[in-house]
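Report on the structure given below.
The values are calculated or read from the model by the stated rules, or taken from the named source; none is laboratory data. Note that this is a predicted model, so its numbers are computed, not measured. Using ideal geometry, Cβ is built from the backbone for each residue, glycine included, and neighbour counts are taken over all protein chains shown.
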Amino acid sequence: MITNTRLGGTAQPVVETEPSQDEVTRLAPMWNVVLLDDDDHSYDYVIEMLGALFHHPREKAYGMAKEVDTTGRVIVLTTSCEQAEFKRDQIHAYGKDDRIPRCAGSMSATIEPAT
């Protein structure tokens with residue numbers, strides 16, 4: 001599209017073009033936060049942690065606890081890489097499960113690119 005503007009009393013053509021492929025904003029890739037199973041944490045711990053860190057309702061958190069127990073892993077969130085790293089670190093820092101005496105610390109989690 002061509003328009004005219006006046007600069008210093010003279011008309012100057014202004015040409016507006018479509019952005020080049022390099023200028024097009026690309027969406028950041030999404031990442032999954034994956035909770036990994038172990039035998040040192042109770043369902044109650046997992047449900048409590050998922051509620052506290054991810055604000056998952058109890059029913060959804062129970063379903064995720066069941067999935068991690070039966071399959072060994074569950075995706076608890078899909079988000080940006082930076083946020084996924086933060087949430088993984090929150091899982092690692094959540095603390096031990098006082099309901100199980102042998103529990104030595106938090107659950108394990110990883111992040112992976114969402115497909």
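Can you work out which of the residues in the stretch 48-77 that are of a type outside the set (Gly, Ala, Ser) and not in a helix (DSSP H, G or I) is farthest from residue 30 (Cα to Cα)?
First pass over the stretch 48-77, keeping only residues of a type outside the set (Gly, Ala, Ser): 48-50, 53-60, 62, 64, 66-71, 73-77.
Adding the requirement that they be not in a helix (DSSP H, G or I) leaves 55-57, 73-77.
Details: 55: 20, 56: 19, 57: 23, 73: 18, 74: 16, 75: 13, 76: 13, 77: 10 Å.
Here the answer is 57.
Kindly provide the set of residues from the stretch 78-95 that are buried (at least 17 other Cβ atoms within 10 Å of the Cβ) and charged (D, E, K, R), ordered by number.
Quick first cut of the stretch 78-95, residues buried (at least 17 other Cβ atoms within 10 Å of the Cβ) only: 79, 84, 87-88, 91, 94.
Passing the criteria: 87, 88.
Please go through the stretch 26-60 and give me each residue that is basic (Lys, Arg) and under 17 Å from residue 73 (Cβ atoms), ordered by number. Working first, answer last.
The first filter runs over the stretch 26-60 and keeps only residues basic (Lys, Arg), leaving 26, 58, 60.
Correct list: 60 only.
Of all residues in the stretch 78-113, which are in contact with a His (Cβ under 9 Å, 6 or more places away or on another chain) and either charged (D, E, K, R) or assigned to a strand (DSSP E or B) (or both)?
96, 97, 99, 108, 109 - these are the residues of the stretch 78-113 that are in contact with a His (Cβ under 9 Å, 6 or more places away or on another chain) and either charged (D, E, K, R) or assigned to a strand (DSSP E or B) (or both).
Rundown of residues vs (1) modelled with pLDDT of 95 or more; (2) closer than 10 Å to residue 35 by Cα, yes/no style:
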residue	(1), (2)
72	yes, yes
75	yes, yes
78	yes, no
85	yes, no
101	no, no
108	yes, yes
114	yes, no
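Quick one: would you say residue 71 is within 18 Å of the chain's Cα centre (by Cα), polar (S, T, N, Q) and closer than 22 Å to residue 115 by Cα? It would help to see each step written out before you state the result.
Values: within 18 Å of the chain's Cα centre (by Cα): no; polar (S, T, N, Q): yes; closer than 22 Å to residue 115 by Cα: yes.
No; evaluated as a whole, the condition is false for this residue.
At pLDDT below 95 and among the acidic types (Asp, Glu): is that true of residue 38 in this structure? Walk me through it before giving the result.
Values: at pLDDT below 95: yes; among the acidic types (Asp, Glu): yes.
For residue 38, the condition - at pLDDT below 95 and among the acidic types (Asp, Glu) - is met.
With the requirement that a residue be surrounded by 17 or more Cβ atoms within 10 Å (Cβ to Cβ) and acidic (Asp, Glu), what does the stretch 41-66 give you?
The one that is surrounded by 17 or more Cβ atoms within 10 Å (Cβ to Cβ) and acidic (Asp, Glu): 48.
Across the stretch 68-77, what is the total count of residues that are under 15 Å from residue 107 (Cα atoms) and surrounded by 13 or more Cβ atoms within 10 Å (Cβ to Cβ)?
Quick first cut of the stretch 68-77, residues under 15 Å from residue 107 (Cα atoms) only: 68-69, 72-76.
Right, trim to surrounded by 13 or more Cβ atoms within 10 Å (Cβ to Cβ) and you get 68-69, 73-76.
Result for the stretch 68-77: 6.
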